[in-house]
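The structure appears right after this line, and notes come after that.
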2 protein chains.
Amino acid sequence: MADPTTDPYLSLYARRTAGMTASDVRALFAVASRPEVVSLAGGMPFVQAIPTDHMLEVVTKVITHHADTALQYGGGVGQLSLRERLAQLLLEEEIPAAADQIVVTAGGQQALDVVGKIFIDPGDLIAVEAPSYVGALSAFSAYEPTWLQIPLDDDGMIVSALEGALRSGARPKFIYTIPNFHNPAGVTLSYVRRQELVALAAEFGIPIIEDDPYRKLRFDATPIPALRTLDPANVIYLSSLSKVVAAGLRIGYVVADGPVLQRFLAAKEAADLCPSNLTQLIAEEYLSDERWRDNLRTLIDIYRGRRDACEAALEASFPSDATWTRPQGGFYSWVTLPESFDTSAMLEEAVERLVAYVPGRAFYPDGQGGHQLRLAYCYPTEERVTEGVQRLGDLLREKEAATAGATTA
Amino acid sequence: MADPTTDPYLSLYARRTAGMTASDVRALFAVASRPEVVSLAGGMPFVQAIPTDHMLEVVTKVITHHADTALQYGGGVGQLSLRERLAQLLLEEEIPAAADQIVVTAGGQQALDVVGKIFIDPGDLIAVEAPSYVGALSAFSAYEPTWLQIPLDDDGMIVSALEGALRSGARPKFIYTIPNFHNPAGVTLSYVRRQELVALAAEFGIPIIEDDPYRKLRFDATPIPALRTLDPANVIYLSSLSKVVAAGLRIGYVVADGPVLQRFLAAKEAADLCPSNLTQLIAEEYLSDERWRDNLRTLIDIYRGRRDACEAALEASFPSDATWTRPQGGFYSWVTLPESFDTSAMLEEAVERLVAYVPGRAFYPDGQGGHQLRLAYCYPTEERVTEGVQRLGDLLREKEAATAGATTA
């Protein structure tokens, strides 16, 4: 593609596009996709665990019996059969949902975009965890918000920090949170804090956007009630089949009560008319047969093993002054190094040593997190996870030794 | 869903959502979906014409050989194999395109949304045909533009009207046009006007957004060069596989040169990360086998027959003071009645008589077109098209007779 400095339309773009440029990190990831590099960067589900025969059976049924629907436009709200199935699966987790409270989206990402679209006027304040999911930050950024960043600890969002801001007069349009197996932080919001958060949001009349794509990827822990379970009237629940079925289907969904869902639907239809009937019917067919639960258990076992490999390698090879979170599910561990490290600058060296990660700055609207990084253990084998973390640990120790040497000298 | 007047979040929504509410027309369409109603309303492709065996073979190949890619996340830009195939098909039509000038979108609608997102700041002027595609108006509306409406005649956009506005100082961010088999107007932009339009846009440095989903659905006419063929440097070309393969795949694409494509891609990734790998691979597999052209010829023959049935029934049964366009391809005929008719008000009566259409007002940002309507002949059989147009003609004649009687009395 051409040099952006020669762009004839430069004076024509909307203001919101100012921050939308291809990043250096993306260029590095192109390099990192070489097979010899252990990528702990992207959060790709291990779809290889889904038996091909099973999926072939599913798509064959859909085309044989429902081709005319599968190949046609559908309603913006999504196929009723899929929404009924999703409602039933949510009820298994005690999350209040009925088919007419659900709208299907093009992956979880579209739900984030549409939430931004319906709530954010330029300059509006929104509350997000710091760090938060990079895709949510991009989606919301397009609507030009200002940010109220709420820090996290091992029990998830520090709700007292949010409370302090609200009591001091901050009035965010919504509170965005990833309560389970946080992306990127790997932590889970404790039950006590969930109760505090829903009470606080209700007191101030601020909707909670609960983003919960990893919920079913629990390794050992007992499930903690969803925020929507605790306060259905004030929680807009987002999830996705990307991690529990297949990301390639691009099926996400939003669960909400009443008129906000109509507003969401109208904004979503303007963006892409309707989700794919074909992938919706495939998802519904897949979820209608109990074998999908076996596949999910297989996936969970795989991810647990890789989480264990990641933790063991971190213990064995990372410098003693580094800390990391201990995820009870999901895809990510979040590493904090001494402040002298710059994980953005270091990425190129890491890739030269055949390991990739995502630098911490990507996960904060204000560019903090320069000494942090995200490790995704979900996709490479246990052996490769171990190898990748070791390579990174070696690099960190060498850099520390060099710095110590320089200081001593 | 609940009554919007009881919406607890009413004070929290972004300004752009003000016009986003479920319309009365939509409620009527729910009624119109009963099988006894002949729907000349929705522009649904007749996907029944695609042989199920053929499609089953396609999806079987994709899952058998490429399941790991099909079920995984992909790049925001879209699968290279599909972009190469699309480039080749565009070159057959002499439309300049290379794989790296193409970005795959979630249907043509997403391309419209992202065009709005990257160009329109609130209050910005954009030029659209009057009438124009209702989905484009919704997509652009979300970014709060002001509208420069350019009228159409049987040769498409009246370019001299656009020229007058530009010479008087109007400076739209872009010029949006549907040159072939216009939705809703059914007309095609003449070659002379195409040359005038690209020259005018280039003179003023204003990009043309060429929306061309119906191009391959030509009934008899010789193809006219695309605007992008005439001026690749200043035309952003949008199209879709919804009408030539299957709408249920949700595959659209944009073709553009240089940095505007990077801006487009970044904005699109923020909206939904990536298109479905599964449906992209299915589209690519389908287009890689020449049988798809036979299917397309079958579709064209079907649509031509329905266009003929529609025209014959209009001639036979519509009042003599009604006029309509004569589409050379595509899905739509556009009817203009005497100004005394109100096609919005009349729709309920039409549905009672078991025929549905889309009232003209939907296709103008300023609510003109109250005496116009769109007929989509693409989906019902010839017999049903004839029956539907006759029912509507009977209603119109009766209303005219009643008015004449009242005037005479």
*Assess whether residue B:155 counts as being among the acidic types (Asp, Glu) and out of contact with any strand residue (DSSP E or B) (no Cβ under 9 Å at 6 or more places or on another chain).*
yes
*Of the conditions (1) assigned to a helix (DSSP H, G or I); (2) surrounded by 18 or more Cβ atoms within 10 Å (Cβ to Cβ); (3) within 13 Å of chain A (Cβ to nearest Cβ), residue B:82 clears all except one; give me its number.*
(3)
_Hits in the range A:32-50 - residues which are within 24 Å of residue A:330 (Cα to Cα), more than 9 Å from chain B (Cβ to nearest Cβ) and touching a residue at least 40 places away in the same chain (Cβ under 8 Å)_ = A:32, A:37, A:38, A:39, A:40, A:41, A:46, A:49
*Give me a count of the residues in the range A:259-311 that are within 14 Å of chain B (Cβ to nearest Cβ) and of a type in the set (D, E, K, R).*
6
*When you go through (1) within 19 Å of the chain's Cα centre (by Cα); (2) without any contact (Cβ under 8 Å) to a residue 60 or more places away in the chain; (3) facing chain A (nearest Cβ under 8 Å) one by one for residue B:246, which number turns out not to apply?*
(2)
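Collect the residues in the range A:56-105 that are farther than 28 Å from residue B:241 by Cβ and in contact with a Phe, Trp or Tyr (Cβ under 7 Å, 6 or more places away or on another chain), keeping them in residue-number order.
A:95
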*Condition test on residue A:28, is it surrounded by 12 or more Cβ atoms within 10 Å (Cβ to Cβ), over 23 Å from residue A:142 (Cα atoms), at pLDDT below 95 and of a type outside the set (Val, Ile, Thr)?*
yes
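Restricting to the range B:283-298, name every residue that is crowded, with 24+ Cβ neighbours inside 10 Å and in contact with a Lys or Arg (Cβ under 6 Å, 6 or more places away or on another chain).
none
Hey, does the range B:344-358 have a residue that's within 30 Å of residue B:67 (Cβ to Cβ) and in contact with a helix residue (DSSP H, G or I) (Cβ under 6 Å, 6 or more places away or on another chain)?
No, the range B:344-358 contains no residue that is within 30 Å of residue B:67 (Cβ to Cβ) and in contact with a helix residue (DSSP H, G or I) (Cβ under 6 Å, 6 or more places away or on another chain).
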*Can you find a residue in the range B:351-364 that is among the β-branched types (Val, Ile, Thr), part of a helix (DSSP H, G or I) and in contact with a strand residue (DSSP E or B) (Cβ under 8 Å, 6 or more places away or on another chain)?*
no
_Anything in the range B:109-137 that is closer than 26 Å to residue B:188 by Cβ, without any contact (Cβ under 8 Å) to a residue 40 or more places away in the chain and either at the interface with another protein chain (Cβ under 7 Å from one of its Cβ atoms) or among the hydroxyl-bearing types (Ser, Thr, Tyr) (or both)? List them, or say none._
B:135
*For residue A:255, all conditions in the list (1) over 20 Å from the mean Cα position of the chain (by Cα); (2) more than 9 Å from chain B (Cβ to nearest Cβ); (3) surrounded by 24 or more Cβ atoms within 10 Å (Cβ to Cβ) hold save one; what is the number of the exception?*
(1)
_Scan of the range B:55-65 for residues that are surrounded by 19 or more Cβ atoms within 10 Å (Cβ to Cβ) and in contact (Cβ under 8 Å) with a residue 60 or more places away in the chain, ordered by number_ = B:55, B:58, B:59, B:62
_Single match in A:347, A:396 (criterion: farther than 30 Å from residue A:179 by Cβ and either among the polar types (S, T, N, Q) or not in a strand (DSSP E or B) (or both))_ = A:396
_Residue satisfying all of: in the range B:258-282; among the hydrophobic types (A, V, I, L, M, F, W, C) and over 22 Å from residue A:252 (Cα atoms); surrounded by the fewest Cβ atoms within 10 Å (Cβ to Cβ) among these_ = B:261
*For residues in the range B:199-220 being within 20 Å of the chain's Cα centre (by Cα) and assigned to a loop (DSSP other than H, G, I, E, B), which is nearest to residue B:308 (Cα to Cα)?*
B:219
*What pairs come up if the first residue lies in the range A:203-218 and is within 14 Å of chain B (Cβ to nearest Cβ) and more than 9 Å from residue A:179 (Cα to Cα), the second is assigned to a strand (DSSP E or B) and not β-branched (Val, Ile, Thr), and their beta carbons are under 7 Å apart, counting only those six or more places apart or on different chains?*
A:209/A:176; A:209/A:238; A:213/A:239; A:213/A:240
*residue B:227 being closer than 16 Å to residue B:188 by Cβ, in contact (Cβ under 8 Å) with a residue 12 or more places away in the chain, of a type in the set (A, V, I, L, M, F, W, C) and buried (at least 19 other Cβ atoms within 10 Å of the Cβ)*: yes
*Evaluate the range B:1-20: report whether one residue or more is within 9 Å of another protein chain (Cβ to nearest Cβ), under 23 Å from residue B:331 (Cβ atoms) and at pLDDT below 95.*
no
*Determine if the range A:234-248 includes at least one residue that is in the same structural domain as residue A:98 (by TED's automatic domain parsing), surrounded by fewer than 24 Cβ atoms within 10 Å (Cβ to Cβ), among the aromatic types (Phe, Trp, Tyr) and in contact with a strand residue (DSSP E or B) (Cβ under 6 Å, 6 or more places away or on another chain).*
no
*asked:* Looking only at the range B:153-177, count every residue that is surrounded by fewer than 24 Cβ atoms within 10 Å (Cβ to Cβ) and either away from chain A (no Cβ under 14 Å) or of a type in the set (A, V, I, L, M, F, W, C) (or both) and tell me the total.
replied: 15
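The values are calculated or read from the model by the stated rules, or taken from the named source; none is laboratory data. Predicted model, so just to flag it, every value in this text is computed and none were measured. Glycine gets a Cβ as well: all are built from the backbone with ideal geometry, and neighbour counts include every protein chain shown.
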